[in-house]
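The values are calculated or read from the model by the stated rules, or taken from the named source; none is laboratory data. These numbers come from a predicted model, not from an experiment. Cβ sites come from the backbone with ideal geometry, for glycine too, and all protein chains shown count toward neighbours. The area values use the complete protein model at the heavy-atom level, side chains included, leaving out ligands, DNA and RNA. Shrake-Rupley method; radii C 1.70, N 1.55, O 1.52, S 1.80 Å.
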Amino acid sequence: MKKNLGITDRIIRIIISAIVAVLYFNHTITGTLGILLIAAAGILFITSLVSFCPLYALLGIKSCPVKSEN
């Protein structure tokens, strides 16, 4: 897997997943919506750890800087 997430994208994903986790465990979001959001937060967190997003790969998006080959 080639990395396709830049550092800014990774930080944003971690912050969003942390916010959703706090809201879920404080019972601010509950029920089916809470379960769906905590699952999405888990996916965001995992993709930020491995620096690879399958959806970005499908769409051909890269938010990481391009290395020049000399």
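Side notes on the structure shown:
- Pair list, Cβ < 7 Å and 6+ apart or interchain, from the range 27-46 residues that are over 24 Å from residue 9 (Cα atoms) to residues that are modelled with pLDDT of 95 or more and surrounded by 11 or more Cβ atoms within 10 Å (Cβ to Cβ): 29/23; 29/37
- Among the residues here, residue 22 does not qualify as on the phi < 0 side of the Ramachandran plot, of a type in the set (A, V, I, L, M, F, W, C), free of Cβ contacts under 8 Å to residues at least 12 places away in the same chain and open to solvent by 90 Å² or more (accessible area, probe 1.4 Å).
- Check on residue 4, surrounded by 15 or more Cβ atoms within 10 Å (Cβ to Cβ) and at pLDDT below 95: yes
- Each residue in the range 39-70 was checked for being modelled with pLDDT under 95, more than 14 Å from residue 7 (Cα to Cα) and surrounded by fewer than 16 Cβ atoms within 10 Å (Cβ to Cβ), and 11 of them qualify.
- From 23, 36, residue being modelled with pLDDT of 95 or more, assigned to a helix (DSSP H, G or I) and over 16 Å from the mean Cα position of the chain (by Cα): 23
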